1. Using the Cβ atoms and a cut-off under 14 Å, what net charge is assigned to the surroundings of G241, where Lys and Arg are +1 and Asp and Glu are -1?
2. Taking amide H positions as placed 1.01 Å from N in the peptide plane, with prolines and chain starts having none, which residues 5 or more places from C72, or on another chain, fall under 5 Å of its amide H?
3. FRET efficiency for S254 and Q201, Cβ-Cβ distance as r, R0 = 30 Å, nearest 0.05?
4. Provide the FRET efficiency to the nearest 0.05 for the D128-T232 pair, computing r from the beta carbons and using R0 = 41 Å.
5. Please enumerate, by chain and number, the aspartates and glutamates with C-alpha under 14 Å from the C-alpha of K25, excluding those fewer than 8 residues away in the same chain.
6. Using helices alone, what [θ] at 222 nm do you get for the chain, with -39,500 (n - 2.57) per DSSP H run of 4 or more residues, divided over all residues and rounded to the nearest 500?
7. If packing is taken as the average number of other Cβ atoms within 10 Å across a peptide's residues, how do 225-238, 19-32 rank, most packed first?
8. Helix 147-156 versus the longest principal axis of the chain: what angle, 0 to 90°, nearest 10, using Cα atoms?
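Just so you know, all these numbers are worked out from the coordinates, no wet-lab data involved. What you see is a predicted model; the values in this text were computed from it and never measured. Ideal geometry is used to build each Cβ from the backbone, glycine not excepted, and the neighbour counts take in all protein chains shown.
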Amino acid sequence: MRSDAPILLFDSGVGGLTVLAELRKLLPQAPVIYAADNAGLPYGAKSEAEVAARVCGLLGRMAERWQPRLICIACNTASTIALAMVREVLEVPIVGTVPAIKPAAALTCTGVIGVLGTEATIRQGYLDRLEARFAADKRLLRHGAGDLVALAEAKLRGEPPPPAAIEAAIAGLLAQHGAKTLDTVVLACTHFPLLLPELAQAFGPSVRFVDGAEGIARRIAHLTEGHDFERTGPDRAVTTGPLAAWQMLAPALSRYGLKRLETF
Ligand code: DGL
């Protein structure tokens, strides 16, 4: 293993930065390539077949080009749909991002948990299995809030999200039977923690939020324990979309230590 072999973080857009932020705390010296499939954004509105084909195809080509020591699919939609498939075709260790149902079940006092994800994530059998395993005695209220993805992307470009747009995106959750006693919300899309202050405002003080970023970072640190890390240049942020749009995110990407912007 070369000491400059990167950890590859992959998402459809800027959502994976919430995982990168936690990873930096544990492995500040690790070389990272952050890859965003902006040409495919949003994954949440796509079919399972489309997401699986994109993710498997892109990660295969990226792994060949960069020889990463580990790949993190920092996207709930891609992970709940394609994690098993990607693991089957690639030799590299793959860490996925799955909805944080287990910690939410441990945290809730009322037993009512909201799950905010993309439309594609909330319909996955993967989520049914997590519910059966960790929250069978709880009540899970699922809601597809894909509109929050574009609001998070815009926020990182410097456009503050209008409170009414946040409220509209979560209204379908609050309208569900039992939502009055909701005390915990799982942010089951890596974009959503980027909107934490806005979501906290919209839900009010009785609701706590849980996401998987810290646990994923711990898993990556565990799997790379004992590795040598050497950064030979600035960390890269790579997009499958147009460079001009990517460059509008340069100030935000730079705050996460990503100083070199490229297209794939
Ligand atoms: N960040 C992705 C996730 O965690 C979703 C964004 C999208 O819809 O592309 O699910």
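1. Values: positive: R54, R157; negative: D11, D37, E153, E262.
Once all neighbours under 14 Å are counted, the net charge is -2.
2. Hits under the 5 Å cutoff: L8, L9, F10, V95.
3. Working: r = 27 Å, r/R0 = 0.89.
Efficiency, rounded to the nearest 0.05: 0.65.
4. On the way: r = 44 Å, r/R0 = 1.08.
E(calc), rounded to 0.05, equals 0.40.
5. In chain and number order, the partners are E214.
6. On the way: 12 runs with 116 residues, N = 264.
My calculation for the chain gives -12500 deg cm²/dmol from helical runs alone.
7. Numbers: 225-238: 14.1, 19-32: 18.4.
The peptides rank, most packed first, as 19-32, 225-238.
8. With both axes taken from Cα atoms, the answer is about 50 degrees.
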